[in-house]
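See below for the structure under consideration.
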Amino acid sequence: QVQLVESGGGLVQAGGSLRLSCAASGSIFSASAMGWFRQRPGKQRELVAISVNTGVTNYVDSVKGRFTISRDNAKNTVYLQMNSLEAEDTAVYYCYIKFPGGGNDYWGQGTQVTVSS
């Protein structure tokens, strides 16, 4: 069982930056995929960024060039650097980690990001 704790959310003005962190209670070295999702008000949860162990990284079109996902295996932490934030980025952001095998998906509790225009 892995627990994920997100931090780094908050209130920021449009154009500003935030870095979200997701600390895992155990090693993420063997994770097959890591990602960040978000749920905007009145919307379904959507994938924002994902990194798979093949080295492939994908982003939703709306954040390409502005957001960067990264990981630090030594700290068991996944990051989401968010630059040039827009009001439309306002959402609860969730960290996600998947390990090989079925039923090995884990979610964080979510962190609120609010961008004022």
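The values are calculated or read from the model by the stated rules, or taken from the named source; none is laboratory data. This is a predicted model, so every value here is computed, not measured. Glycine gets a Cβ as well: all are built from the backbone with ideal geometry, and neighbour counts include every protein chain shown. SASA here: full protein model, heavy atoms, side chains in, ligands and nucleic acids out. Shrake-Rupley method; radii C 1.70, N 1.55, O 1.52, S 1.80 Å.
Only residues that are part of a strand (DSSP E or B), more than 8 Å from the chain's Cα centre (by Cα) and at pLDDT below 95: list them for the stretch 74-96, please.
T77
Scan the stretch 51-65 and tell me whether some residue there is surrounded by 14 or more Cβ atoms within 10 Å (Cβ to Cβ), farther than 18 Å from D105 by Cα and aromatic (F, W, Y).
yes
Of all residues in the stretch 1-42, how many are open to solvent by 60 Å² or more (accessible area, probe 1.4 Å), within 29 Å of G102 (Cβ to Cβ) and in a loop (DSSP other than H, G, I, E, B)?
Matching residues across the stretch 1-42 total 6.
Kindly provide the set of residues from the stretch 69-102 that are touching a residue at least 40 places away in the same chain (Cβ under 8 Å), at negative phi and open to solvent by 50 Å² or more (accessible area, probe 1.4 Å), ordered by number.
The answer is R71, N73, K75, Q81, N83, E86, E88, K98, P100.
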